[in-house]
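Structure first, commentary second.
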Amino acid sequence: MSRREYAINITVNEILITKVIIDPHYEEKHSGSINDEIILNLVKTLDGQNFEPDDEKSPYSYFVTDGIVFNEKAYKLIWLLEDNEIYIGVINAYRR
């Protein structure tokens, strides 16, 4: 399974984000309740916000955003930003 890329146009942590890269890791345990389309909608909820990283290992900053509500269901999104890059990498996502 390879990572998938999608175009997007949002601002997160005052960075213009134009791409989302989704790691297929979530499919191992959560494919029955989540898919790429849902993940893209979860990422869109980050637009216009600033987040403090949960962890930093240069050049990456890691974030955990819990309690994102989409279609009346709550989700947890684990994602990253890379220094000087314009994408969000989605490491994992699942329903709460």
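Taking other residues whose beta carbon is less than 14 angstrom from the beta carbon of Ile39, and scoring Lys, Arg as +1 and Asp, Glu as -1, yields +2. Here the accessible area is traced with a 1.4 Å probe on the protein chains. For the chain, carbon and sulfur cover 43 percent of it. Note on the range 6-28 and the range 35-55: Cα centroid distance 7 Å, given to the nearest whole angstrom.
Largest mean-square fluctuation among Asp55, Asp66, Asp47, in a Gaussian network model of the chain whose springs join Cα atoms under 10 Å apart, belongs to Asp55.
A simple count of charges around Tyr26, restricted to other residues whose Cβ falls under 12 Å of its Cβ and scoring Lys, Arg +1 and Asp, Glu -1, yields +1. Quote the FRET efficiency, to the nearest 0.05, computed for Leu16 versus Ser58 with a Förster distance R0 of 22 Å and r equal to the Cβ-Cβ distance. So the FRET efficiency works out to roughly 0.55.
The phi torsions of the range 57-64, fed into the Karplus equation with coefficients 6.51, -1.76 and 1.60 and a -60° offset, translate into couplings of 9, 3, x, 9, 10, 9, 10, 10 Hz, rounded to whole numbers, with Gly and Pro shown as x.
Each residue of the range 13-18 was assigned a 3J(HN,Hα) from its phi angle through the Karplus curve 6.51 cos²θ - 1.76 cosθ + 1.60 (θ = phi - 60°); the sequence is 6, 6, 10, 6, 9, 10 Hz, with glycine and proline shown as x.
Write down the percent of antiparallel bridges among all DSSP beta bridges whose residues are both part of the chain, to the nearest 5.
Values: 27 of 32 bridges.
Counting DSSP beta bridges with both partners in the chain, the antiparallel share is about 85 percent.
Considering only alpha-carbon pairs that sit under 8 angstrom and 6 or more positions apart, the relative contact order computed for the chain is 29 percent. Between Val12 and Ile17, Gly48, the built amide H atoms are under 5 Å apart, and every one of these is 5 or more places off in sequence or on another chain. Protein heavy-atom accessible surface, 1.4 Å probe, per residue over the chain: 60 Å². Rounded to the nearest whole Hz, the Karplus-based 3J(HN,Hα) values (6.51 cos²θ - 1.76 cosθ + 1.60, θ = phi - 60°) of the range 38-52 follow the sequence 5, 4, 4, 5, 5, 4, 4, 5, 7, 4, x, 10, 10, 10, 8, with x at glycine and proline. Applying a DSSP loop filter and a limit of 12 other Cβ atoms within 10 Å to the trypsin sites (Lys or Arg not before Pro) in the range 1-36 leaves Arg3. Each Lys or Arg adds one and each Asp or Glu subtracts one; over the other residues with Cβ under 14 Å from the Cβ of Arg4, this totals -3. The calculated 222 nm mean residue ellipticity attributable to helices in the chain amounts to -3000 deg cm²/dmol, summing -39500 (n - 2.57) over DSSP H runs of n ≥ 4 and dividing by all residues.
The values are calculated or read from the model by the stated rules, or taken from the named source; none is laboratory data. No experiment lies behind these values; they were computed from the predicted model shown. In this analysis, Cβ positions are derived from the backbone assuming ideal geometry, glycine residues included, and neighbour counts consider all displayed protein chains. Side chains are part of the model used for accessible areas, which takes the heavy atoms of the whole protein and leaves out ligands, DNA and RNA. Shrake-Rupley method; radii C 1.70, N 1.55, O 1.52, S 1.80 Å.
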